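Quick note: the coordinates plus some simple rules give every number you see, no bench work behind them. Here the structure is a predicted model, which is why all the values come from computation and not from measurement. Positions of Cβ are backbone-derived with ideal geometry, glycine not excepted, and every protein chain shown enters the neighbour counts.
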Amino acid sequence: MLAMKNLFLLLLVITFQSCQSQNKEPKNMNSNSKKTEAQWKAELTPEQYEVLRNKGTERAFTGEYWDHFEKGKYVCAGCGNDLFTSDTKFDSHCGWPSFDKAIKGSVVYVQDLSYGMVRTEVLCAKCDGHLGHIFDDGPKETTGQRFCMNSVSMKFVPETK
Ligand SMILES: [Zn+2]
């Protein structure tokens, strides 16, 4: 009986919280950015957690997608946000999946001064998960930009006909 009561209370709290976050941020319906580090740790694999939440970098040529060129889209491994389409992916030979363009509004940029370098970090706009960095040595015939991403930060969704 006590367990039932606790469950009911928990549901009440969850309902209350989701109403609250919807009022504050109408666009962020799933309120991923409100997750605690403990929640992320429980949901993500250790590799995903290391990159998405601790801003780690997977080793070059080890990820699932650096040499992956099927048709479809790449979504955030943390929250499912659409990030890139396969037609913007190009072979950069750098060992990480590279794109010349992100889906509009899907990512945000932050200056990153770690490791004695000046780089621009790319984060998921929905959950603030670390995806990788952006450089200006991408294909000149398109945007000139290179989104250098971690495979582990993303999930590939094949195109359905
Ligand atoms: Zn995300």
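If each residue's Cβ is checked for other Cβ atoms within 10 Å, how do 49, 74, 109 rank with the fewest at the top?
Details: 49 19, 74 27, 109 13.
Least to most surrounded, the residues fall as 109, 49, 74.
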(request) Two decimals is fine: what is log10 I(q)/I(0) at q = 0.21, 0.31, 0.34 Å⁻¹ for the stretch 104-144, from a Debye sum with one equal scatterer on every Cα and no solvent? (result) -0.73, -1.02, -1.07
(message) Quick check on my link table: of 34/155; 71/155; 35/89; 55/161; 140/161, which ones sit more than 24 Å apart, alpha carbon to alpha carbon?
(response) 35/89; 55/161; 140/161
(request) Could you list 106, 114 in order of exposure, starting from the residue whose Cβ has the fewest other Cβ atoms within 10 Å? (result) 114, 106
(request) Determine the shape class of the stretch 59-158: with a ≥ b ≥ c the square roots of the Cα gyration tensor eigenvalues, call it rounded for a/c under 1.5, and otherwise prolate if a/b is greater than b/c, oblate otherwise. (result) rounded
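Once the piece of chain linking residue 161 and residue 54 is laid out straight, how much longer is it, given 0.36 nm per residue of separation minus the C-alpha distance between them?
34.8 nm
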(message) Taking the number of other C-beta atoms within 10 Å as the exposure measure, put 82, 136, 100, 87 in order starting with the fewest.
(response) 136, 87, 82, 100
(request) Go through the stretch 32-87 and name the GluC sites (Glu not before Pro) that are in a DSSP coil and have 12 or fewer other Cβ atoms within 10 Å of their Cβ. (result) 70
(request) Return the distance in nm (one decimal) between the two label points of a simple spin-label model at residue 61 and residue 135, each offset 7 Å from Cα along Cα→Cβ. (result) 1.6 nm
